[in-house]
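Just below is one structure, and these are the notes that go with it.
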Amino acid sequence: MREVKYAEAVRAALEAEMAADESVVVMGEEVAALGGVFTVTQGLLDRFGDDRVLDSPISEAGVVGFAIGAAAEGMRPVVEIMFSDFVLLALDQIINLGAKIRYMSNGQFSVPLTIRMPGGGGTNHGPQHSQSLESLFAHVPGLVVAMPSNVSDAYWMLRHAIRSDDPVIFLESKNLYFRTSGDIDARTGPDGFGARVARPGGDVTVVSAGRMVERCVLAADELAAEGVACEVIDLRYLWPLDTASIEASLRRTGKLAVVSEAVEFCGWGGEVAAWAGEHCFESLDGPVVRVGAERVPIPYGHALEDEIVPTTDRIAGELRKLAIY
């Protein structure tokens with residue numbers, strides 16, 4: 001339960017599940033000898049051997065397809081996609097095969113597969129290595145979509161994902177890997193797929209996920225000094241979506257902002273906004289505000305990226321306008 005970095009929490013979760021269950025295997029490009037491009041799988045090869053920690057060819061479709069077959073036959077593979085952007089090469093395997101096997105077999109087969117993806121910006125990797133593609137996977141029936149925002153959730157949610165009998169898209173923020181530290185809670189992790197209140201408040205509800213949660217909390221702290229109490233809801237999962245937590249918060253605040261690192265247009269924030277408008281209309285005292293990335297490629301350079309992806313200042317500005325509406 002000591003303080004660890006986000007990347008170390010992910011590694012600890014892998015170690016714990018591999019030690020507990022011999023059917024858990026780790027595979028991906030450079031995950032064995034190198035220990036992963038972000039060193040998340042470092043040391044696993046030495047402890048568990050090359051029959052359980054497998055370097056794959058440079059073929060996302062190949063390793064995901066192999067893992068889906070292994071999962072259907074009783075293994076619990078954990079695939080690392082080096083950058084989430086590269087998973088686009090494996091969409092046919094994920095969407096047309098992994099996500100559909102349980103349905104098409106009438107429950108005779110399951111796919112206990114976890115696909116880990118370091119994603120998002122904040123590391124100066126440019127347009128082909130910094131995308132936030134979570135909205136794409138949230139759209140696909142059959143997939144669970146997880147986005148831990150902190151060290152403890154990264155640990156427990158990954159363990160929960162590996163134990164799941166359905167395919168889980170596990171989106172890790174590479175910006176948080178070594179910048180964020182924290183304690184791993186001495187518990188069994190989040191209850192089911194529920195969201196958490198990252199910061200309580202009674203004036204504005206702010207719904208977010210992943211690394212944007214931290215920025216939302218900082219923005220809420222800034223508004224607190226001005227007398228505005230923002231409640232920040234960390235969804236944890238985009239699917240299943242914990243609408244009960246959103247509704248309960250809106251009953252208290254009456255105002256909703258949705259903040260995402262993903263492109264705002266056609267993003268998952270629009271789904272939260274639409275759901276709130278349909279089901280919580282009587283609770284709303286103002287327009288639903290969306291704050292997301294601009295619809296342009298993520299540029300190189302932190303200053304340029306901050307013009308595209310929501311910053312703490314931009315979030316605070318939008319919350320300030322909503323609070324006085």
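The values are calculated or read from the model by the stated rules, or taken from the named source; none is laboratory data. These numbers were taken from a predicted model, which means no experiment stands behind them. Neighbour counts are summed over all protein chains in view; Cβ atoms, including those assigned to glycine, are modelled from backbone coordinates with ideal geometry. These accessible areas exclude ligands, DNA and RNA; they are computed on the full protein's heavy atoms, side chains included. Shrake-Rupley method; radii C 1.70, N 1.55, O 1.52, S 1.80 Å.
Among the residues making up the range 245-265, a single one is open to solvent by 30 Å² or more (accessible area, probe 1.4 Å) and either β-branched (V, I, T) or at pLDDT below 95 (or both): V263.
On inspection, P167 fails the criterion of being open to solvent by 20 Å² or more (accessible area, probe 1.4 Å), at pLDDT 95 or above and more than 23 Å from G121 (Cβ to Cβ).
Just for the range 136-153: of the residues that are assigned to a loop (DSSP other than H, G, I, E, B), over 21 Å from P77 (Cα atoms) and touching a residue at least 60 places away in the same chain (Cβ under 8 Å), which one is most open to solvent (accessible area, probe 1.4 Å)? Step through it out loud before you land on a result.
Filtering the range 136-153 for residues assigned to a loop (DSSP other than H, G, I, E, B) gives 139-143, 147-150.
Okay, now just the ones that are also over 21 Å from P77 (Cα atoms), so 139, 149-150.
If we keep only those that are touching a residue at least 60 places away in the same chain (Cβ under 8 Å) too, we end up with 149-150.
Values: S149: 15, N150: 33 Å².
Step by step, filter the range 136-153, then rank; the result is N150.
Just to be sure, is L89 free of Cβ contacts under 8 Å to residues at least 40 places away in the same chain and over 13 Å from the mean Cα position of the chain (by Cα)? In short, yes. Here A209 does not fit the description of being of a type in the set (A, V, I, L, M, F, W, C) and surrounded by fewer than 21 Cβ atoms within 10 Å (Cβ to Cβ).
Can you confirm whether A13 is open to solvent by less than 10 Å² (accessible area, probe 1.4 Å), assigned by TED's automatic domain parsing to the domain that holds L136, modelled with pLDDT of 95 or more and not charged (D, E, K, R)? Spelling it out, A13 is indeed open to solvent by less than 10 Å² (accessible area, probe 1.4 Å), assigned by TED's automatic domain parsing to the domain that holds L136, modelled with pLDDT of 95 or more and not charged (D, E, K, R).
Check the range 308-323 and report whether any residue there is open to solvent by 30 Å² or more (accessible area, probe 1.4 Å), free of Cβ contacts under 8 Å to residues at least 60 places away in the same chain and not in a helix (DSSP H, G or I). No: the range 308-323 contains no residue that is open to solvent by 30 Å² or more (accessible area, probe 1.4 Å), free of Cβ contacts under 8 Å to residues at least 60 places away in the same chain and not in a helix (DSSP H, G or I).
Listed here are the residues, each with its yes/no results for (1) more than 17 Å from the chain's Cα centre (by Cα); (2) open to solvent by 30 Å² or more (accessible area, probe 1.4 Å).
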position	(1), (2)
E134	no, no
Y155	no, no
G192	no, yes
E222	yes, yes
D242	no, no
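What strands (runs of 3 or more DSSP E) lie completely within the range 188-287 and have 2 or more residues being outside the structural domain of G121 (by TED's automatic domain parsing), in contact with a Gly (Cβ under 8 Å, 6 or more places away or on another chain) and under 16 Å from G317 (Cα atoms)?
Numbers: elements: 196-199, 204-208, 230-234, 237-239, 256-263.
Here the list reads 230-234, 256-263.
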